[in-house]
Amino acid sequence: MALDHHSPSLQILVRRPEECSLWTGPPFPNGQPNVKLDKVNCLNAKFSDDGSLFMVVKSNSVVSIYDCESANEIRSFQVPNLVAASLSPRGTYLQTFQKPAPQEKNVTLWKIETGDSIYQLSQKSMTRVNWPAIQFSSDEATACRLATNELQFFDTGDFSKGFVYRLRVPGVASAELSSSPASHVAAFVPESKGVPASVQIYACGNASQSQPVARRSFFRCSTTQLKWNHGSTGLLAMAQSDVDKTNQSYYGESKLYYITTDGKYEGLVPLRKEGPVHEAQWSYSGLEFAVVYGFMPAKATLFDKNCNPILELGTGPYNTIRWNPKGKFLCLAGFGNLPGDMVFWDYVEKKQLASTKAEWSVTSEWSPDGCYFMTATTAPRLQVDNGIKIFHYNGSLYFKKMFDKLYQADWKPESPSKFGDITELIKSLDSIKLEDKKPSGQGPKQTQASTKASSANPTAQKPAAYRPPHAKTAASIKAELLGESSAETLSKNALKNKKKREKQKEKKAAADASS
């Protein structure tokens, strides 16, 4: 591909039972990826957010740090009774969580360059809310920790000082630090004794700052998901309740709020269909966000940073949305317990490019250069049909590989700015496709002969699975729920049996008429 010479190559981390590998590409020479690092002993693996390092947790409580450029191990940490580990965004620090023991600090912050322990604290339990224990901004200039009724901020130049100032937030249950820049922090306080739940936004870097710059209160909320935009000017807060008092959903109730740091908007996002909020995602520019919402078939809408709808993406069996990191494209999909439909959009031109399927997908993400979209079916979510599929930006399948067992497939993170303009990348990609296609009639005679033979003797299709009579009604109901055509299609065997019955009826009618 004719890319900028300074553009980094794409890499994929693939983790299988007790080992992981590092692939280079796409594009793949001869249709198969090159292996940069193969079969490393591994229980867990993760890239740093900037893609400079990746961490491998091994079976003997050892955490190894690898340089992504050279694929060499640069540091190793022996951590007894290790439960979890996490890299800071730029790969400067490693956090480890050990099984709690009386009178011992079990969370350690290590400096990777020296291998030294620079800070320790005690934490009784580990959840998605409180891990990593210390949150870093994307540039690692700001770090904070959630504690009882307060947020503690550190001097990232010298952790030996401990926390340098605290922000009192009574009842705080979770917090999210804005990452680029780290100018604000959002705190969630759940309902208590008749007082409604609230999301509060505070300015960072000011020890005397005690009042929130923005606040939104709401009832019927047990948990929230907080998502900052790039630029730290807006926050999406998805409030979720375990019980839906309207009895419309077994899975509870969800609402989406939008709060700006300047206080211009603090309220519900105007969604045009009743039902749960399946997903809300900011674009990489931070200027717009997309929401998938409503009872199936779900609806998808794009909003600008003023919370005004700018594009409707239609309805269908969707619960996932992925923005292309280079802009211009996005993928709308239905994964998990949905059939795997995917629709690719050029949202700049406001047109749909293509639709396809990736059944049983568990994870999905665009490549950093914006040219490829990868889906993976992984264990333990699914124990069969594990594998990786990579699609072009327009939805055409580029690569597929199946595994007996696959636990993880991740792109190595890279800043989108390291790659050229997306339109130039697409032109280069299209030229590669044209080179790969040989003109008709120019191939070897043996290939042409085999092609003729295969067309003369087409491969027999796999017979359709048996479907009991009651499943026909269920299939039509499912099709209606997912927004598909409810027209019933018969399998070959069912059609054959139907014809037999019709012939038997005709014979019986003829026999009755003759008698």
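What to note about this one:
- Each 5 Å bin from zero up to the one holding the largest Cα-Cα distance in segment 278-337 carries the following percent of pairs: 4, 20, 32, 25, 13, 5, 0.
- Expressed as a fraction of 2.2 N^0.38 Å, the C-alpha radius of gyration for segment 334-383 is 1.28.
- The residues of segment 1-69 expose, per residue, 46 Å² of accessible area to a 1.4 Å probe.
- For the residue pairs K299/K496; K193/K227; K328/K389; K99/K418, alpha carbon separations beyond 31 Å are given by K299/K496; K99/K418.
- As a fraction of the 1.4 Å probe accessible area of segment 18-155, surface on carbon and sulfur atoms comes out at 43 percent.
- Spread over its residues, the convex hull of the C-alpha atoms of segment 116-221 is 117 Å³ per residue.
- Residues of type aspartates and glutamates that K412 reaches as a straight line, Cα spacing below 19 Å, ignoring anything fewer than 8 places off in the same chain: D4, E19, D38, D49, D50, D67, E69, E73, D139, E365, D369
- Residues whose amide H lies under 5 Å from that of A84, counting only those 5 or more places away or on a different chain, are F97; hydrogens are built 1.01 Å from N in the peptide plane.
- Cα-only Debye scattering, segment 1-113: base-10 log of I(q)/I(0) at q = 0.10, 0.20 Å⁻¹: -0.34, -1.07
- Taking M296, M374 and ordering them by how much accessible surface each has at a 1.4 Å probe, largest first, produces M296, M374.
- Solvent exposure of segment 244-331 amounts to 43 Å² per residue of accessible area, where only protein heavy atoms count and the probe is 1.4 Å.
The values are calculated or read from the model by the stated rules, or taken from the named source; none is laboratory data. All values reported here derive from a predicted model rather than from experimental measurement. Protein only, heavy atoms only, side chains kept; ligands, DNA and RNA dropped before computing areas. Shrake-Rupley method; radii C 1.70, N 1.55, O 1.52, S 1.80 Å.
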